[in-house]
1. Confirm whether residue 27 is within 23 Å of residue 122 (Cα to Cα) and either modelled with pLDDT under 95 or touching a strand residue (DSSP E or B) at 6+ places or on another chain (Cβ under 9 Å) (or both).
2. So which residues in region 101-123 are touching a residue at least 60 places away in the same chain (Cβ under 8 Å) and in contact with a strand residue (DSSP E or B) (Cβ under 9 Å, 6 or more places away or on another chain)?
3. Do we find a residue being under 17 Å from residue 83 (Cα atoms), touching a residue at least 60 places away in the same chain (Cβ under 8 Å) and exposed (fewer than 14 other Cβ atoms within 10 Å of the Cβ) anywhere in region 11-23?
């Protein structure tokens, strides 16, 4: 899958303490066949003076998912500046309660901080 300049995407961070979390970023450029330069919307450089810019593998990038969510659906919830994988356990319009896979914690989220979860399978993003 290829991504366009200025396209808004999400980056999966696969480091200690950040498993199953996704950060919104903007594609700045394709820098190799399977690498992109991105600028995060909520992650900062070490000195915290500017938004973090880094190169990421294509396999760690996914497009923004579509809306429309129901109870028991696998979703991502925006908690503590990142998207965390979980399952909707309760819906009280316009809000959701999501049980996070990583901690088992149930969090209350307004509708705009919950969206359908996507997985990379056989070279493309699919709804789970």
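1. The answer is yes for residue 27.
2. Those that are touching a residue at least 60 places away in the same chain (Cβ under 8 Å) and in contact with a strand residue (DSSP E or B) (Cβ under 9 Å, 6 or more places away or on another chain): 101, 102, 120.
3. Yes: one or more hits.
The values are calculated or read from the model by the stated rules, or taken from the named source; none is laboratory data. Everything numeric in this text was worked out from a predicted model, so none of it was measured. Neighbour counts run over all protein chains shown; Cβ positions are idealised from the backbone, glycine included.
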